[in-house]
Amino acid sequence: MIHYDNTCDLYCTDNEKTVSAEVVNFRPEDGLTVVLDESKLVMKYQKNTDIYVANLMGMEFTSKGPKFYETKQGRR
């Protein structure tokens with residue numbers, strides 16, 4: 001079973017700063033929705049670069065998505 005973090009890093013390509021954002025919805029290799037300073041940001045997956053991209057207030061943000069952890073379940 002795969003578990004994803006509740007936060008992810010966003011990189012602003014305009015000012016070259018990285019911030020942490022809360023993940024609201026995540027669909028691997030499709031879309032990522034995060035909250036950044038009370039603003040909802042819907043990011044779309046770019047297959048050729050393997051990142052999620054969105055624009056907010058004239059600035060471009062990119063993310064590799066939330067970190068994930070795989071756990072194995074078996075007999076106890």
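Tell me, which residue of region 27-76 that is in a strand (DSSP E or B), open to solvent by 90 Å² or more (accessible area, probe 1.4 Å) and touching a residue at least 24 places away in the same chain (Cβ under 8 Å) is nearest to Leu10 (Cα to Cα)?
Residue satisfying both the conditions and the ranking: Phe68.
Please work out which residue is farthest from Gly74 (Cα to Cα), limiting yourself to region 6-26 and to residues that are surrounded by 14 or more Cβ atoms within 10 Å (Cβ to Cβ) and of a type outside the set (Val, Ile, Thr).
Cys12
Considering only region 60-76, state which residues are modelled with pLDDT under 95 and either touching a Ser or Thr at 6+ places or on another chain (Cβ under 8 Å) or β-branched (Val, Ile, Thr) (or both).
Passing the criteria: only Thr71.
The values are calculated or read from the model by the stated rules, or taken from the named source; none is laboratory data. From a predicted model like this one, the values you see are computed outputs, not experimental measurements. A quick note on method: Cβ atoms are made from the backbone with ideal geometry, for glycine too, and the neighbour counts reach across all protein chains shown. Areas reflect the complete protein model, heavy atoms only, side chains present, ligands, DNA and RNA absent. Shrake-Rupley method; radii C 1.70, N 1.55, O 1.52, S 1.80 Å.
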